[in-house]
Amino acid sequence: MTEKNKINVLIDGRNFTVIGNGSENYVYKIASYVDEKIRETKDKNDKLSGSMAATLAALNIADELYRTSIELKSLKDQAKRPMEEYDALVEKLKEANVKIEELNTSCNSYKDELLDTKRENERLNKIINKHDQALELKEKELQENQNMIKKLQDKIFDNQIELIEIKKELEEALRLYDKEKNIFKREEV
């Protein structure tokens, strides 16, 4: 069994012996509080007797206790809900952590995929640049060939014109020759 303490306290000018399990310091604080409440009650109305002042102080203390117990019950009820939800919240937190881990893994996978895609893109860009350079060279060659073809076509055209003129001259020469030949034949006959 717990040993009970006997403590002498002074309340409203009277000496009381309090027997209890509380420490001396605790009992002195309680006695001091009660003494203060009785003095406050007497100060408000100096016509009150000691027992009336003690009764009113007890009523005020009981009112404080009642209000405090209601507030405590309300606070306990408010604290109870989060405590009841704690296990569910812990489970949700675990699920969220698993989901975060999955998303991190997925994100890392996408980062690796992105790096691979960038490398492939760089490789393809190099190939495209080589092809662009080759295409540029081929286009220059094509342009040079087209210029050469045009020059050759112009030369062919000029040659055709010259050929036509030579044909005309040849035809004219043949006609003149035929004419002279016919003239000589007639003279012989």
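Please treat every number below as a calculation from the coordinates, not as lab data. As the structure is a prediction and not an experimental result, all values here were calculated from the model. Here the Cβ positions follow ideal geometry from the backbone for every residue, glycine too, while neighbour counts run over all protein chains shown.
If the reach is capped at under 19 angstrom between alpha carbons, list the aspartates and glutamates near Lys140, excluding any in the same chain fewer than eight residues apart.
Asp132
For region 5-83, build the convex hull from the C-alpha positions and give me its volume per residue in Å³. Mind dumping the intermediate values first?
Values: hull volume 8.6 nm³, N = 79.
Dividing the Cα hull volume of region 5-83 by its residues yields 109 Å³.
Starting from the coordinates of the alpha-carbon atoms of the chain, obtain the Kirkwood hydrodynamic radius over all distinct pairs and give the value in Å to one decimal.
One over the average 1/r among Cα pairs gives 30.8 Å for the chain.
By the scheme Lys and Arg +1, Asp and Glu -1, what is the net charge of all other residues having a beta-carbon under 9 Å from that of Gly50? Working shown, then result.
Numbers: positive: Arg14, Lys42; negative: Asp12.
Around Gly50, the charge tally is +1.
For region 5-83, what relative contact order do you get, as a whole percent, if you take Cα pairs closer than 8 Å and at least 6 residues apart?
That works out to 20 percent.
Roughly what angle does helix 50-188 make with the longest principal axis of the chain, taking Cα atoms, 0 to 90 degrees, to the nearest 10?
The helix 50-188 is inclined about 0 degrees to the chain.
So how do 170-179, 9-18 stack up, highest first, on mean other-Cβ count within 10 Å? Kindly include the intermediate steps, with their values, before the conclusion.
Numbers: 170-179: 10.5, 9-18: 13.0.
Listed from highest to lowest mean packing, they are 9-18, 170-179.
Report, by chain and number, residues whose modeled amide H sits under 5 Å from the one on Val18, excluding near sequence neighbours (fewer than 5 apart, same chain).
So Val18 has HN proximity to Ile7, Asn8, Val9.
Using C-alpha positions alone, give me the convex hull volume of region 85-139 per residue in cubic angstrom. It would help to have the intermediate numbers written out before the result.
Values: hull volume 2.9 nm³, N = 55.
It is 52 Å³ per residue.
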